[in-house]
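Okay, here's the structure, questions in a sec.
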Amino acid sequence: MTVLVRDQIADLLRAAVQAAQADQSLPELALPPIDLARPKVAAHGDYSSNLGMAVAKTAKLAPMQIANLIIAHLPAADFLGKVEAAAPGYINFTLAEPWLAAQVTRILEEGPSWAHLTIGHGKRVQVEHGSANPTGPLTIGSGRNVIIGDTLANLFEACGYDVQREYYVNDVGSKVRKFGETVYVRYAQALGVDEPLPQEFYPGDFLVELGKDFAHEYGDKYVKAPRAGAVQTLGEVGTQRVLDHVKQTCERMNIHYDRWYSERSLYDSGLFAQVYQMLEEKKLLLEKDGAIWFASSDLGEDNEAVIIRSPQIIPNPEDRPTYFASDIAYVWDKLVLRGFDRAIYVWGADHHGDKPRVLAAAKALGLDPARVSILLYQHVTLMKDGVEQKGSKSAGTAVALHEVINEVGMDAVRFMLLTRTIDSKLLFDLSLAKEQSDKNPVYYVQYAHARIASILRKASEVLGAVELPEVPNVQLLTHPAELALIRKMLELPVIIEQAVRDLAPHHLTYYAQDLASTFSIFYRDCKVVDAEAPALTAARLMLCRSAKSVLAHTLELMGMTTPESM
């Protein structure tokens, strides 16, 4: 496990202030939060603090004077090299080169646990992602959902949280009934029965093929059966077939869930009825126009939200509860019955109106809304050879995720769908994703890993007769390109912490590219395999193995493979 150098420097600064106050060099004062930033100019060091300016007014001393006093009282630390004050009151820290070199050994010794943090302290976090209506294959948009959620779950685990991954199955309501009707009609049509499509149906070839499959499996069994029961049965079987397809696609994407949660269970278990009663007792429900509304305007929303639709509008009682009704019971189940410390939802941007309602519902139930995080991702635009690949899920023409995997591979899909901030629209260029050149970021990053593996293989062949030191002397790693690579490797735990703090997994894609680029510069400027310099060769080979380990872990956090050759 890693303790961030940044946090260790912050501790040193606090200790220095306390020491300066103890000998009265500094007056007693409340210390503000200590921020350490990366200087924009590399020559200014690895970290910089504005503490001298932050306390100048309270201390009634000049910022530069305070900075120098703090430096004078700073405890010694093996990871610190140069520490100096810079106008108008910054304290700049440069990491010690011997300590930097020693991290190469440490990274390899700690293996997979290196870069992992303990900030989660075992708190239980649930990441719910995917959760598309089970009416057809996952689309490329849903692909962005599951990849964001899965990568976040990986990152939270790397920070010491106890993580559960969940897929919420929308298996009740009018959409499920509409799905069952469509499946039944496609099944009957496959048997040659002149069965017209209902007024509302799900389009697309997937359900046509599903109907043919059922015709082959069941013959005319359900055509002869009472229609209502046949529709229900085929709808349920069809839903399971869709879920099986979804599970297969997720498996291909290296995505695994701990639980597939049925929305229907919220009602069958009586949980919704219990939560409904709680809201009634809190006088947070009102009847209007035959419908039951959640009086969320009392909690800061502009409008109330319908929980139960009017029987005049929706005759079937099973179809009357809204998605929001289920959401209320579901958040209670997550935070109370199952006791998660935090619930993270990954939703499409079209759910922006639902987000404040769920937070208001949590508050109404006496829960802390801060325990709920709802991420809204923007849609994906597919391009191929410069032409937009248009599709619509409602029209049954949306591009299926498994088709994109077939075309460009799992690794390219995962990387490309992570390359932008969640709230930004994403352009997925299929042609670029298949290109084997430095223009393709997926290829560039994975090639760097394969390249390091190739260097290590070549070294074994070339140096077979050369006696290398049994224990490489990493202190020989003093070249600027070597130190730059080590510094870049040490950024991974910072990136992990930042991604978890900001719920921003896209940071991994940029870091991976930076690390690959930094390694490329090192390899250009430093001869790795040199039979005439066995000690330096051994040290540089160790640096290569360390860089390979860090790059592999970055790829694994993104759910990607780590090719040994390309």
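Please go through the stretch 335-353 and pick out each residue that is part of a strand (DSSP E or B) and charged (D, E, K, R).
ARG342 - this is the single residue of the stretch 335-353 that is part of a strand (DSSP E or B) and charged (D, E, K, R).
Sticking with this one: So, of the residues in the stretch 26-36 that are surrounded by 13 or more Cβ atoms within 10 Å (Cβ to Cβ) and over 25 Å from ARG487 (Cα atoms), which turns out to be farthest from the chain's Cα centre (by Cα)?
If we take residues in the stretch 26-36 being surrounded by 13 or more Cβ atoms within 10 Å (Cβ to Cβ) and over 25 Å from ARG487 (Cα atoms), then LEU26 is farthest from the chain's Cα centre (by Cα).
Here's something else I'd like to know. Please specify each residue of the stretch 462-521 satisfying the condition of being at pLDDT below 95 and part of a helix (DSSP H, G or I).
VAL462
Could I ask something else about it? Can you tell me which of (1) in contact (Cβ under 8 Å) with a residue 40 or more places away in the chain; (2) closer than 25 Å to GLU166 by Cα is the one LEU279 doesn't meet?
Of the numbered conditions (1) in contact (Cβ under 8 Å) with a residue 40 or more places away in the chain; (2) closer than 25 Å to GLU166 by Cα, the odd one out for LEU279 is (2).
Sort out which residues of the stretch 505-542 are charged (D, E, K, R) and surrounded by fewer than 18 Cβ atoms within 10 Å (Cβ to Cβ), and write them in order of number.
Answer for the stretch 505-542, where residues must be charged (D, E, K, R) and surrounded by fewer than 18 Cβ atoms within 10 Å (Cβ to Cβ): ASP514, ARG524, ASP525, LYS527, ASP530, GLU532.
Against the definition (surrounded by 20 or more Cβ atoms within 10 Å (Cβ to Cβ) and over 34 Å from the mean Cα position of the chain (by Cα)), how does ILE9 come out, yes or no?
Here the answer is no, as ILE9 does not meet what is asked.
Every residue in the stretch 543-562 that is more than 22 Å from the chain's Cα centre (by Cα) and surrounded by fewer than 22 Cβ atoms within 10 Å (Cβ to Cβ), please.
ARG545
OK, next. Give the stretch 304-314 a look and list any residue that's at pLDDT 85 or above and under 13 Å from ALA360 (Cα atoms), or say none.
Once the filter is applied, which keeps residues that are at pLDDT 85 or above and under 13 Å from ALA360 (Cα atoms), the stretch 304-314 yields only ALA305.
Moving to a separate point now. Quick one: would you say GLY45 is within 14 Å of ILE71 (Cβ to Cβ), of a type in the set (Gly, Ala, Ser) and without any contact (Cβ under 8 Å) to a residue 40 or more places away in the chain?
no
Limited to the stretch 174-206, what total is found for residues that are without any contact (Cβ under 8 Å) to a residue 60 or more places away in the chain and part of a loop (DSSP other than H, G, I, E, B)?
Going through the stretch 174-206 one residue at a time, the tally reaches 11.
Within the stretch 412-425, identify whether any single residue is aliphatic (A, V, I, L, M) and in contact with a His (Cβ under 6 Å, 6 or more places away or on another chain), and answer yes or no.
Yes, the stretch 412-425 contains at least one residue that is aliphatic (A, V, I, L, M) and in contact with a His (Cβ under 6 Å, 6 or more places away or on another chain).
With at pLDDT 90 or above and surrounded by fewer than 18 Cβ atoms within 10 Å (Cβ to Cβ) as the only criterion, which of ALA395, ALA325, ALA291, ALA349 stands out?
Result: ALA349 is the single residue among ALA395, ALA325, ALA291, ALA349 that is at pLDDT 90 or above and surrounded by fewer than 18 Cβ atoms within 10 Å (Cβ to Cβ).
Right, here's the next one. Here are the criteria: (1) more than 19 Å from ASN145 (Cβ to Cβ); (2) surrounded by fewer than 17 Cβ atoms within 10 Å (Cβ to Cβ); (3) not polar (S, T, N, Q). Tell me which single one LEU427 does not satisfy.
(1)
Continuing with the same structure: Which residue is farthest from VAL146 (Cα to Cα), if the candidates are limited to the stretch 236-260 and must be crowded, with 20+ Cβ neighbours inside 10 Å and more than 19 Å from the chain's Cα centre (by Cα)?
In this case the residue turns out to be GLY238.
Yes/no per residue for (1) touching a Leu at 6+ places or on another chain (Cβ under 9 Å); (2) of a type outside the set (A, V, I, L, M, F, W, C); (3) surrounded by 20 or more Cβ atoms within 10 Å (Cβ to Cβ):
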residue	(1), (2), (3)
GLN24	no, yes, no
ARG38	no, yes, no
ASP46	yes, yes, yes
LYS60	no, yes, no
MET64	no, no, no
LEU80	yes, no, yes
ALA86	no, no, no
ASN92	no, yes, yes
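Would you point out which residue out of ASP150, ASP171 is buried (at least 24 other Cβ atoms within 10 Å of the Cβ) and in contact (Cβ under 8 Å) with a residue 24 or more places away in the chain?
That would be ASP150, the only listed residue that is buried (at least 24 other Cβ atoms within 10 Å of the Cβ) and in contact (Cβ under 8 Å) with a residue 24 or more places away in the chain.
Let me ask you something else. Is it true that TYR267 is at pLDDT 95 or above and outside any helix (DSSP H, G or I)?
So TYR267 fails the test.
Considering ARG414, ARG420, which residue is crowded, with 19+ Cβ neighbours inside 10 Å, among the basic types (Lys, Arg) and not assigned by TED's automatic domain parsing to the domain that holds GLN248?
ARG414
While we're here: With the checklist (1) under 30 Å from LEU152 (Cβ atoms); (2) at pLDDT 95 or above in hand, flag the one item GLU301 doesn't pass.
(2)
The values are calculated or read from the model by the stated rules, or taken from the named source; none is laboratory data. Because the structure is a prediction, the values reported are computed rather than measured. Ideal geometry is used to build each Cβ from the backbone, glycine not excepted, and the neighbour counts take in all protein chains shown.
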